[in-house]
Amino acid sequence: MKRKQTAITLLLILCLASPLFAAPPVAEIMKTMDNVMELEADISVKAVITDNKVNQGIKIFESLYFRKDKTDEFLIIITAPESDKGNGYLRVEDNFWMYRQNTRTFQHINRDESIMGTDAKEGDFEKRKLCELYKPQLDAQGHEVITEETLGKRPVYKFTLIAKVNDVTYPKVTYWVQKDNFLTLKTQSYSLSGTLMQTAYFPQWTQVQGKYIPIQHIYIDEFEKGNKTIVELSGISLKKLDPKIFTKAYLEFLSK
Amino acid sequence: MKLIVMLSIRNLFRQKRRSLLLGIAVGFGMMILVLANSFSHGISDNLFNRVVVYMTGHLEVSIMEKSRFYNRNIRDKDRMIKTIRDNVKGIKEIVENVSIFTRCIGNGKNDNAALVGVEMNKEMEEYLKGCLVEGTVSDFVRKDIENPVLLYADKAKALNVKRMDVVKVRLLTLTGQQQSARFTVAGIMKTNNLFESMAIFVHLKDLKPLIGYRPWETGTLQVNFERLNDPRYITTQADALFTKLKPRTAFIHGSVSRGKIAKNATVLGFFNTDEAKKIMAQRLRIVQGALPLPKSKGNAMVTESLARSLRLKVGDPFTMKYRNKFEKKEIANTYTVAALFNADEFASKNVVLLQEESFYKTYLEDLPAPAAAPGKDFFVPNGKSGLSPVFSPEWKLLERSATGDEWLKKIHAMNKTRWKGPSLDVGTMYEKASDILKMESALKIISFIAVLILFFIILIGVVNTLRMTIHERTREIGTMRAIGMQMNDVRNCFMMETVFLSFFSCVAGTLAACVLMGVAKLITIDTRSFFSIFLVDKHLYFLPTFSSIFFNIFFILLITAATSYFPARRAARLSAAEALRHFE
């Protein structure tokens with residue numbers, strides 16, 4: 001009898017306490033994810049992109065990336081290989097230009113155009129909050145779908161987001177986010193028809209001024225098997241950047 | 001004259017060997033000229049009527065949104081088709097042009113391709129029957145296979161697929177989203193040239209939703225005419241259509257509400273330009289708040305009377321609702337009041353002004369249905385008010401361009417404006433493919449110069465031969481002059497001899513060219529290089545025209561007549577007595 005009472009009591013305590021241990025709402029996780037990555041500062045970083053395409057071999061691009069979060073401007077200058085050295089990209093307000101060093105010309109391009117022939121697009125460099133672009137996927141009962149899993153020994157939350165706007169590349173993305181610090185470890189991105197198009201891993205992060213930056217990204221093309229892109233960031237600096245950097249003249253100067 | 005002609009013709013047969021050799025030389029030159037002109041004409045005819053016309057039609061109407069060339073969407077297809085039919089004569093057909101570049105995955109091989117939407121009609125059926133090497137037309141229309149497509153043999157080989165294999169494709173939709181699909185190879189067609197190998201035909205009704213077109217939308221509209229190869233007629237029709245496509249002011253008749261209170265209102269967009277701001281400063285009186293900044297989204301200006309009836313002040317949200325044209329669905333958008341204003345143009349009407357970006361975002365996505373009963377609250381823009389230049393139009397009409405270069409400059413200029421609304425262009429294939437016309441002209445000039453050099457050499461022979469002939473026939477000239485033939489007749493006799501020889505040689509050269517063309521056409525050239533665009537069905541393509549042949553003959557006769565004039569004149573000036581005394 002006593003044992004039965006203890007069991008019932010324990011069960012009651014567990015039922016009452018269970019909300020404390022439940023996963024937080026996805027919307028909250030999204031806000032936290034935006035918050036931990038939102039760096040309201042200037043940033044300059046060296047990026048190495050290793051692009052491995054089937055039947056085309058490996059191409060390695062090195063570039064310098066400058067960004068001003070306040071005005072959402074950025075500049076990319078390619079420093080290697082020799083054939084692409086001096087080429088660059090500049091975004092100021094609504095204008096996005098590609099600069100070709102051999103012809104010394106600027107050309108307007110759009111946000112869904114490829115950067116250096118890789119899978120990266122201009123839209124990927126824009127500062128847009130997850131909360132503004134996506135909303136949690138709901139089940140038939142209208143509840144958010146979120147599970148707790150382990151990814152390489154790390155406890156994560158897994159949830160799926162559906163695009164709220166139609167100018168994002170992937171209308172559906174599944175996230176694996178670390179439980180302790182809300183950093184994204186893995187994403188799987190789907191096309192409009194629901195086909196898995198890309199798996200991305202973010203195994204390494206660095207902390208700068210209390211915010212987090214992924215210093216290694218691995219993008220695996222799930223549609224065209226064998227294609228893979230690795231992005232590695234280094235030399236991160238938060239030193240204030242001169243606004244003159246985000247001008248066509250400076251990009252031309254850098255490319256010489 | 002008849003005597004001179006007869007003498008000239010008779011004299012041709014007197015020195016048969018000499019005449020034959022000279023005739024062969026002139027005929028050879030004529031043959032090269034006809035071959036070269038026919039080949040260059042054939043190239044441009046092939047490119048125009050077998051490649052370009054299928055890419056652009058004779059006349060094409062396109063609407064590019066957000067100043068992006070590849071963002072082409074005619075939102076109200078039926079209205080545009082009606083406008084075209086009402087204002088363009090001699091139409092054979094109007095075709096919806098929907099196509100997109102994709103990445104395709106076959107059996108262990110990947111390649112790029114262009115998906116081209118097609119509608120099955122009699123012409124398409126005839127074309128397919130003529131070029132399908134695997135599968136039949138009925139396979140393409142089967143409903144039991146997933147997304148049937150037709151590939152050219154080259155593409156099938158590149159993707160390592162056969163009939164009934166599956167090809168996966170990846171593409172970007174109109175809004176830049178990733179899309180993927182599976183297609184079943186229903187048939188394989190023989191490849192005629194390099195351009196064809198890129199295309200994969202898919203049913204238009206299957207392709208449009210994949211890209212993001214709704215049933216009432218389309219990419220561009222291509223108009224094909226009954227009368228082909230008539231640039232002037234087609235350009236005239238394009239110009240006529242252009243004048244009828246001047247845009248009106250875009251507006252939405254809907255209702256504006258806050259809480260339970262709702263009022264009918266007209267929603268207009270306004271330009272962000274300095275010019276527009278200047279006009280607004282003159283004609284609008286802002287009572288509260290300020291003009292919304294260009295980057296501010298969702299901010300609106302509301303007439304004071306409307307604000308009063310809804311108890312709105314600056315910073316308050318409100319909902320604007322209207323019914324869309326095609327789905328008859330109610331569209332609701334929420335905006336924030338940035339300013340209250342008055343304007344004489346609107347009198348007491350309820351008007352909401354939105355930044356052009358916010359306005360076009362809803363206007364284009366959901367074209368408004370006309371207001372059921374335009375009431376006294378609705379402002380109807382008539383294009384005559386002082387504020388009209390400020391309001392967003394249905395589209396911006398791009399100026400007509402005469403050449404490919406002008407067209408390119410126009411598109412670059414449009415791209416630079418970054419305007420958020422739609423830009424409409426009316427173009428013909430002659431402008432867009434003017435480089436092909438230039439290429440044909442260049443080829444003609446090159447072949448003409450080459451043949452001129454050849455003729456220069458031939459005419460040296462003509463002059464030399466004529467001098468020898470005159471020298472040999474000096475006594476004959478003396479005899480003719482002695483019996484009363486005049487100087488002019490002597491001169492004309494020699495000239496006509498040369499001209500007749502040239503004429504007969506030209507005719508023979510033309511016939512030889514025709515025979516050579518016939519023989520050359522029989523040779524099969526199986527190549528995948530750029531040269532294949534000049535071939536039709538793996539054979540050389542010549543297109544001789546009567547006008548160019550007659551021009552060439554006339555030109556050759558003219559220069560041989562000119563060349564023979566001087567020696568003939570010298571012969572005519574010989575004195576009869578001296579000529580009779582001449583001994584060789």
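Table for the structure above
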{"item": "Residues of region A:206-250 satisfying the condition of being β-branched (Val, Ile, Thr) and more than 16 Å from A:Asp69 (Cβ to Cβ)", "result": "A:Thr206, A:Ile215, A:Ile218, A:Ile220, A:Thr229, A:Ile230, A:Val231, A:Thr247"}
{"item": "Residue in region A:221-232 that is of a type in the set (A, V, I, L, M) and within 14 Å of chain B (Cβ to nearest Cβ) present", "result": "no"}
{"item": "So B:Ala508, is it at pLDDT 85 or above and in contact with a Leu (Cβ under 6 Å, 6 or more places away or on another chain)", "result": "no"}
{"item": "Single condition B:Thr184 does not satisfy, out of (1) at pLDDT 95 or above; (2) crowded, with 21+ Cβ neighbours inside 10 Å; (3) among the hydroxyl-bearing types (Ser, Thr, Tyr)", "result": "(2)"}
{"item": "Looking only at region A:182-194, and only at residues there that are free of Cβ contacts under 8 Å to residues at least 40 places away in the same chain and more than 14 Å from chain B (Cβ to nearest Cβ), the one that is least open to solvent (accessible area, probe 1.4 Å)", "result": "A:Leu185"}
{"item": "Region B:168-212: number of residues that are facing chain A (nearest Cβ under 10 Å), assigned to a loop (DSSP other than H, G, I, E, B) and without any contact (Cβ under 8 Å) to a residue 40 or more places away in the chain", "result": "5"}
{"item": "A:Gln198 closer than 19 Å to A:Lys228 by Cβ and touching a Ser or Thr at 6+ places or on another chain (Cβ under 7 Å)", "result": "yes"}
{"item": "Residue selected from region A:195-204 under the condition within 14 Å of chain B (Cβ to nearest Cβ) and open to solvent by less than 40 Å² (accessible area, probe 1.4 Å), by the criterion farthest from the chain's Cα centre (by Cα)", "result": "A:Met197"}
{"item": "Selection within region A:68-84 - open to solvent by 10 Å² or more (accessible area, probe 1.4 Å) and in contact (Cβ under 8 Å) with a residue 40 or more places away in the chain", "result": "A:Lys68, A:Asp69, A:Thr71, A:Asp72, A:Glu73"}
{"item": "Filter result for B:Trp407 (open to solvent by less than 60 Å² (accessible area, probe 1.4 Å) and touching an Asp or Glu at 6+ places or on another chain (Cβ under 6 Å))", "result": "yes"}
{"item": "Matching residues, region B:14-24, being open to solvent by less than 50 Å² (accessible area, probe 1.4 Å) and modelled with pLDDT of 85 or more", "result": "B:Gly23"}
{"item": "Region A:237-256, residues that are within 30 Å of A:Tyr201 (Cβ to Cβ) and either part of a helix (DSSP H, G or I) or open to solvent by less than 50 Å² (accessible area, probe 1.4 Å) (or both)", "result": "A:Ser237, A:Leu238, A:Leu241"}
{"item": "Any chance B:Leu540 is loosely packed, with under 13 Cβ neighbours inside 10 Å and either at pLDDT 80 or above or closer than 24 Å to B:Leu557 by Cα (or both)", "result": "no"}
{"item": "Condition check for B:Ala482: in contact (Cβ under 8 Å) with a residue 60 or more places away in the chain and farther than 18 Å from B:Ile4 by Cβ", "result": "no"}
{"item": "Complete set of residues in region B:62-103 that are under 20 Å from B:Lys410 (Cβ atoms) and without any contact (Cβ under 8 Å) to a residue 24 or more places away in the chain", "result": "B:Tyr70"}
{"item": "B:Val34 vs. criteria in a helix (DSSP H, G or I) and modelled with pLDDT under 80", "result": "no"}
{"item": "B:Asp139 crowded, with 16+ Cβ neighbours inside 10 Å, touching a helix residue (DSSP H, G or I) at 6+ places or on another chain (Cβ under 7 Å) and in contact (Cβ under 8 Å) with a residue 40 or more places away in the chain", "result": "no"}
{"item": "Cβ pairs under 7 Å, 6+ apart, first in region B:115-130 and open to solvent by less than 40 Å² (accessible area, probe 1.4 Å), second assigned to a loop (DSSP other than H, G, I, E, B)", "result": "B:Gly117/B:Val98"}
{"item": "Residue in region B:57-67 that is over 20 Å from B:Arg232 (Cα atoms) and open to solvent by 60 Å² or more (accessible area, probe 1.4 Å) present", "result": "yes"}
{"item": "Any hit, region A:205-220, residues being within 14 Å of another protein chain (Cβ to nearest Cβ) and of a type outside the set (D, E, K, R)", "result": "yes"}
{"item": "Qualifying position, being open to solvent by 10 Å² or more (accessible area, probe 1.4 Å), within 14 Å of chain A (Cβ to nearest Cβ) and modelled with pLDDT of 90 or more, among B:Lys420, B:Lys361", "result": "B:Lys361"}
{"item": "Test result for B:Asp239, modelled with pLDDT of 90 or more, out of contact with any His (no Cβ under 9 Å at 6 or more places or on another chain), acidic (Asp, Glu) and under 28 Å from B:Lys92 (Cβ atoms)", "result": "yes"}
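For (1) touching a residue at least 12 places away in the same chain (Cβ under 8 Å); (2) under 17 Å from B:Ser547 (Cβ atoms), each residue gets a yes or a no:
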residue	(1), (2)
B:Leu3	no, no
B:Ser8	yes, no
B:Ile24	yes, no
B:Asp45	yes, yes
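The values are calculated or read from the model by the stated rules, or taken from the named source; none is laboratory data. Note that this is a predicted model, so its numbers are computed, not measured. Cβ: placed from backbone, ideal geometry, glycine included. Neighbour counts: every protein chain shown. To get the accessible areas, we keep the full protein, side chains included, count just its heavy atoms, and leave off ligands, DNA and RNA. Shrake-Rupley method; radii C 1.70, N 1.55, O 1.52, S 1.80 Å.
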